[in-house]
């Protein structure tokens, strides 16, 4: 009988080398003997005939090995085909199983999709912000230079002379540049726009490895003092304003009275700093000789072959040498080099990683939930599994089968999860986390897809292994015997109980984190910042930068007076004032002032540096310019002396009020009224300032930062050269005030762009970082609470089903329904309390990570923990109450019969 | 002078074997004999090469084998053409004819 090789394999018939060799030998022997007989029949002697037959046959050994090779490859092919066939069979079977239990499959896939979606959404943010390389050529070679003061604090900025010395003495960089950026009013085609502008030194474009998309970058004759000003614009601005027309090259922009000629366009999406639209050469303005005028950021490209540590040593050596040379004339004593990307995303990194960790915990909880469902389902399939094992299915094969099932679930979860991710990323971006850099880089790319697939694969593996472990663990005979009577046993309950406890513990960690963040947020929102946080409208005007100092004072004064008079007359407005900075949004600039003996002292600019050496006569404060109405509108009270008022007008002796904390710090135990200071290094006006009053402290930097000492000089006397002016308008009707103020200010000076917002919105966006974190951790906590509640419910419901006969006996013996309910609910509470104990330990450890992100809140806040535990208990009672009610209504007769 | 068929172009022996088997199932010796007779002694086959071809063709599914009994009642392995083998023969025979015609034309063109 001819047996196909496949059949032979199925029945484990010998397909050994011996059989192959034997059959081949038989075949060859037949051939040779037949030939010998033919030859003998033709009259050849038998011996000669045999020799001749052998000769004509050729090399038998070679034939043998040839046939073996064929056989071996054939077998390998067959095995592969069978394995693939087995896999296909497993998948078909798995699909059938999933089809057979649609509710289970839908819930499991949806739960996984939720976990995978949440995690992948967060990962897409992490990927875009933290992982994606910057879009420049060899972005890892671009570094930011930082300084360090004597106390070891990092300084982001350099002074002109320090930068020039570093540029001349370092050997680690192929290009380096200093730059600064800000917002200016740029007029183009008769319209004024507030645009982000940057002043960049020679080498800037080399650092970033850019080539112009149109035109050219700055020519050497444009990079000299007082050269005719040229500008390079961003690709985006080119498209927006000029429709990408070539004629843009050579067109004019106006910054105040200064005319800029466009010479080139940056390549698309390659602007740095982010969102900059107009770049101008730094060299057209004179360099400062001060080694304490920290005005410039510094970037560089590492030279080929130079490592980061080597560059760090190089820079540090130079800065230490400069410190040794210049002593107190510089505040930089050391410095370091950091990758530009780290500098950009560094501040946000801990928060993003924390949220990612929270989302991973959510994924684990989702996985535990599905595992729980799966174990329940495996218990109901115990009979089927036992039969399959009894029929000789290998345990490995069975595991492969279950893995196929969990893979399909995970695949569904992955697809659903990606759909959730599309939605989730949109939602995340809607939250407008203002403090997140590189928001434009967030999206779904190959990294995100890889992550989703990897997460799903891990889920498939974990779930498959749980199911397989559950399935093949048992004793076959008892399983077969039990299969018909009870569904599952005690071991199943223990496993599911453990899973639920793990879920509850992880939920506890998430909720405890949310509680800590929530308490911190409440603390932050209840902070009294020292100014009105309601009923005030800010109108920030971007002032034109004029080069003509002589008329500036007058023109600014005129604008200010006109605007304030009209704003004050608007209906509902109770007070209007102005300052040169916006609260909670950068505030004003900080600098050092000199304490003078009296207002008659005459100071020259050249003396400043020498005078600053006397540390007993200097102080540090924020330098504000304000009008009298500002304090009234913001509700900042005077605590001593008098407020700035109409007496402090141009021409009168310069006056200022100081904040209480400055008075306390600078003149402890003395009366600050009448003290004279010199703050001319901030605005170039060396007129001494007499302190006339003390006002209350204000948290102007952020709600969480302690008030910084401040000096408020009179705007009318020192209009300065600040680029913006913020009107503070106290009003009883903010909405209508915003509308009418916008119209009014535009009519007054159409060339000055104004941005209006309510103080409530300013406060809200100043805590957007905290709100973002709280919201995400809170949502993850609530979703996990829901999943954990489902877990508790399903386990308790299962338990009630298990114990129905026993409960029936109890009822029959006179237990009241309340007793039964108590019994069942106690079971649920036991789970929760175990989970809470484990979870508290985990939370104490995990919430420590929040330390730098909370405000005046202990990371092991006992109240928060207590609330979370109470919440878990309530949820557990509710989740076990439903099955408990069912248990209490058991008819003892039915129950006993069922048993 | 008789030629060893293994000297011929690669694949020639396979076609010859397939063609031979169109006459019905045969064992290896019969195939060798048949080819030698039809080749008028021009083609002499090294037996080992024939068996290699048989096993190769069987692995490729062009022929199948079955143990049976020879005319003198001895156990012998019989090979038979499969459907796939018939198709392969048709394709290869056509190729061969075109090839032989082309070679003949070139040789005859002097």
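Stretched out fully, how many nm does the piece from residue A:37 to residue A:611 gain, at 0.36 nm a residue minus the Cα gap?
Extending this stretch completely gives an extra 193.9 nm.
Decide, for the protein assembly as shown, between rounded, prolate and oblate: order the square roots of the alpha carbon gyration tensor eigenvalues as a ≥ b ≥ c, take rounded if a/c falls under 1.5, and otherwise choose prolate if a/b is larger than b/c, else oblate.
In terms of gyration-tensor shape, oblate.
If I model a spin label at residue B:109 and residue A:755 as a point 7 Å from the Cα along the Cα→Cβ vector, what separation in nanometres do I get?
Calculated label separation equals 8.4 nm.
Multiplying the sequence separation of residue A:555 and residue A:99 by 0.36 nm and subtracting their Cα-Cα distance, what value in nm do you get?
Values: separation 456, 0.36 × 456 = 164.16 nm, distance 7.92 nm.
That works out to 156.2 nm of additional length.
If packing is taken as the mean number of other Cβ atoms within 10 Å per residue, what is the order of A:689-702, A:592-605, A:136-149, highest first?
A:689-702, A:136-149, A:592-605
Take the Cβ-Cβ distance between residue A:848 and residue A:704 as r, set R0 to 25 Å, and report the resulting FRET efficiency rounded to the nearest 0.05.
For residue A:848 and residue A:704, the calculated efficiency is 0.85.
Residues of segment A:682-705 with backbone nitrogen within less than 16 Å of a virtual label 7 Å along the Cα-to-Cβ line of residue A:645, please, listed as ranges.
Within reach of a label on residue A:645, which here means backbone N under 16 Å from a point 7 Å along Cα→Cβ, segment A:682-705 contributes A:692-695.
In degrees, nearest 10, range 0 to 90: what is the angle between the Cα axis of helix A:395-430 and the longest Cα principal axis of chain A?
The angle comes out near 20 degrees.
Label segment A:153-332 by shape, choosing from rounded, prolate and oblate, from the square roots a ≥ b ≥ c of the eigenvalues of the Cα gyration tensor; if a/c is under 1.5 it is rounded, and otherwise prolate applies when a/b is larger than b/c, oblate when it is not.
prolate
Peptide A:24-32: average number of partner chain Cβ atoms within 10 Å per residue?
Taking all residues of A:24-32 together, the mean is 5.
Determine the shielding of peptide B:46-59 by partner chains: average, over its residues, the number of Cβ atoms on other chains within 10 angstrom of each Cβ.
Per residue, the average neighbour count from other chains is 6.
Roughly how many whole Å is it from the C-alpha centroid of segment A:364-419 to that of segment B:47-110?
52
If you take the square roots of the eigenvalues of the alpha-carbon gyration tensor of segment B:69-110 and sort them as a ≥ b ≥ c, do you get rounded (a/c under 1.5), prolate (a/b over b/c) or oblate?
Here segment B:69-110 falls in the oblate category.
For residue A:893, project a label point 7 Å along Cα to C-beta. Then give me every residue of segment A:817-833 with its amide nitrogen under 15 Å of that point.
So the set is empty, nothing qualifies.
Using only helices, what value at 222 nm comes out for the protein assembly as shown when you add -39,500 (n - 2.57) per DSSP H run of length 4 or more and divide by the total residues, to the nearest 500 deg cm²/dmol?
The per-residue figure over the protein assembly as shown is -18000 deg cm²/dmol.
May I ask you to list the residues of segment A:670-694 whose amide nitrogen lies under 18 Å from a point 7 Å from Cα along the Cα→beta-carbon direction of residue A:595?
Counting backbone N atoms under 18 Å from the label point, the list is A:670-680, A:688-694.
How much length is gained on full extension from residue A:65 to residue A:77, taking 0.36 nm per residue of separation minus their Cα-Cα distance?
On the way: separation 12, 0.36 × 12 = 4.32 nm, distance 1.85 nm.
Working it through step by step, the gained length comes to 2.5 nm.
Pop a pseudo-label 7 angstrom from the Cα along the beta-carbon direction at both residue A:153 and residue A:46 and give the gap in nm to one decimal.
Here the modelled spin labels are 11.5 nm apart.
Given a Förster distance of 22 Å, report the FRET efficiency between residue A:445 and residue A:274 from their Cβ-Cβ distance, rounded to the nearest 0.05.
Computed FRET efficiency for residue A:445 and residue A:274 comes out at 0.70.
Along Cα→Cβ, 7 Å out, is where each label goes; now give me the distance between the ones at residue A:429 and residue A:313 in nm to one decimal.
4.5
Running Debye on segment A:545-750 with equal point scatterers at the Cα sites and no solvent, what base-10 log of I(q)/I(0) appears at q = 0.09, 0.11, 0.13 Å⁻¹?
With one equal scatterer per Cα and no solvent, log10 I(q)/I(0) is -0.35, -0.52, -0.72.
FYI, it's all coordinate maths here, none of it is from the lab. Values in this document were obtained by computation on a predicted structure and should not be read as measured data. Using ideal geometry, Cβ is built from the backbone for each residue, glycine included, and neighbour counts are taken over all protein chains shown.
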